[in-house]
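Structure first, commentary second.
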Amino acid sequence: MFPRQKSGLSLIEVVIYVAILGFILVLVFDTVLAVSRAVTEVRMEKKIVTSGTLVLERLSREVRDSTDIVADSSIFDVDAGQLTTRREDPIGTFTPVTFALASHDRLRLTKGATSELLTPASVRVSKLLFRSISTPNGEGVKVELELSATTSATTTYKFYSTIILRETYE
């Protein structure tokens, strides 16, 4: 008679196949986790950059439209600074406009009796520094803003701006 042929797999072959499959699954899982972390960090960086840009644009617009800087109510040259300016409305009433840190390291804009937070809860203001400047063209302020956020690591960005009040050079 004919010799009988083996069918199926031996135990050693099964173990080798399972080990190869396990190794491939670990590589795929690790790659998916790395991509997920990268996407999360890119989103956080985008949120920080967007927040910083919007805050500086708003601060620049408010300061430029002000008539003067109220030095007595402002805190210059410290990391948790405060800037107070005055704005004149069309009927001649002056309204104070204040930028300062609020609780939980968020930036608050107070304009007269209204107040609003300018930074989202996920973005922390780690530095808000104002420096008063006086130029031949007018009065102004230099701003240094440092924003950070934490996911798996802390990401920090610094923003700088120099703003001259319109009322002082017209």
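Okay, here's what the table says:
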item	result
Fraction of the pair-distance distribution of the range 50-134 above 18 Å, Cα-Cα pairs, percent	41 percent
Apportionment of accessible area to carbon and sulfur, the chain, percent (1.4 Å)	58 percent
In Hz, Karplus ³J(HN,Hα) per residue of the range 108-113 (6.51, -1.76, 1.60; θ = phi - 60°; x = Gly, Pro)	10, 10, 10, 10, x, 8
Computed FRET value (nearest 0.05) for TYR17 with ARG43, which takes r as the C-beta separation and R₀ as 41 Å	0.55
Cα centroid separation - the range 98-121 against the range 136-158, whole Å	15 Å
Accessible solvent surface per residue of the chain, calculated while the other protein chains remain in place, 1.4 angstrom probe, Å²	66 Å²
Mean Cα-pair separation over length for the chain, i.e. relative contact order, pairs under 8 Å, 6 or more apart, %	19 percent
Residue-count net charge about PHE76 - beta-carbon cut-off 13 Å; Lys, Arg +1, Asp, Glu -1	-3
Radius 14 Å from Cβ of MET44, net charge of other residues (Lys, Arg +1; Asp, Glu -1)	+3
Cut-off under 5 Å, modelled amide H: who pairs with ASP68 long-range	ARG86
The chain, Rg to Rh (Cα coordinates; Rh as Kirkwood inverse mean 1/r)	1.47
Most fluctuating residue given options PHE94, PHE23, PHE76, as computed from a GNM of the chain linking Cα atoms under 10 Å	PHE23
Most mobile of VAL32, VAL143, VAL123 in a GNM of the chain (Cα contacts under 10 Å)	VAL32
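The values are calculated or read from the model by the stated rules, or taken from the named source; none is laboratory data. Computed from a predicted structure; not experimentally measured. With ideal geometry, Cβ positions are generated from the backbone for all residues, glycine too; neighbour counts draw on all protein chains shown. Calculation scope for accessible area: heavy atoms of the full protein, side chains included, ligands and nucleic acids excluded. Shrake-Rupley method; radii C 1.70, N 1.55, O 1.52, S 1.80 Å.
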